[in-house]
Amino acid sequence: YEEKEIKTLSTWDNNFKKIYYLGETFKTNYDLGIKDLDDYYIFIENDHILYRYKTICKIGRGTYGNVLKCVDNKNEIDCALKICKNNNNYKKSYMNEVVILKILNYNFGYTRISQTKSDLISILYKTFIWRGHGIISLKLYDKNLYNANIKEYSINALKTIMIDIFEALNYCCFRGIIHGDLKPENIFYINNISYHVVIGDFGLSINTNTNTNTNTCLLYTSPSPRDKR
């Protein structure tokens, strides 16, 4: 089974030369069927995904799948893996989010009036299919607004959050994207030491194909190319 996967990986990636991590718990995961009765990927700590990502902990669970904190052993960074349910009814949402994220991440350089340093929208690293599950590798962010005690925040802190949210939505407008599921659970702090936030979870987003009309999106100039990962 693993030999077949490795051969497939070698076909996908000409630079594939070694296995970065092989989880000791793979057999347990496999014996359980990889997915549970609700089609979620079975999380096991220190398991491996794509012979590259070491699973650390579960950081989210939604209708369409779950999110794991992982170590990307190839790039030696922490990341978030959003793992879609292994069910054809949910793979449409996965494919839609992949397309939307690629639109938003491509040519991400832009000029902002406030000159904030927030990413504004989730940074996409990689997408792939693993044992029937659609997976999106994303930059790892901090807790979401739903779990934050914003009642204790100062006016300046709230202003920082709102500016980032409006700028993120304006950037989506610039690219012709309607988020479709904007709520506190889908807005994340960029880290644990600032109030800057990003918008994530674009599974229900809509591409309006109007990104060439930027008359109502005044914060941005023509984007410059962003390094691909």
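Data overview
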| item | result |
| --- | --- |
| Projected label distance in nm at Ile44 and Tyr153, using a 7 Å step from Cα toward the beta-carbon | 4.0 |
| Pair Asn75, Leu37: separation of 7 Å Cα→Cβ label points (nm) | 3.8 |
| Accessible surface of the stretch 39-160 [probe 1.4 Å, protein heavy atoms]: carbon and sulfur percent | 49 |
| Label-point separation in nm, Ile19 to Asp142, each point 7 Å along Cα→Cβ | 3.8 |
| Listed peptides 155-162, 191-198 by packing density, highest first (mean Cβ within 10 Å) | 191-198, 155-162 |
| At most 15 other Cβ within 10 Å, DSSP loop - chymotrypsin sites (Phe, Trp or Tyr not before Pro), the stretch 34-107 | Tyr106 |
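The values are calculated or read from the model by the stated rules, or taken from the named source; none is laboratory data. Remember, predicted model here, so these are calculated numbers, not experimental data. Ideal geometry is used to build each Cβ from the backbone, glycine not excepted, and the neighbour counts take in all protein chains shown. Note: accessible area is taken over every heavy atom of the protein model, side chains too, but ligands, DNA and RNA are not part of it. Shrake-Rupley method; radii C 1.70, N 1.55, O 1.52, S 1.80 Å.
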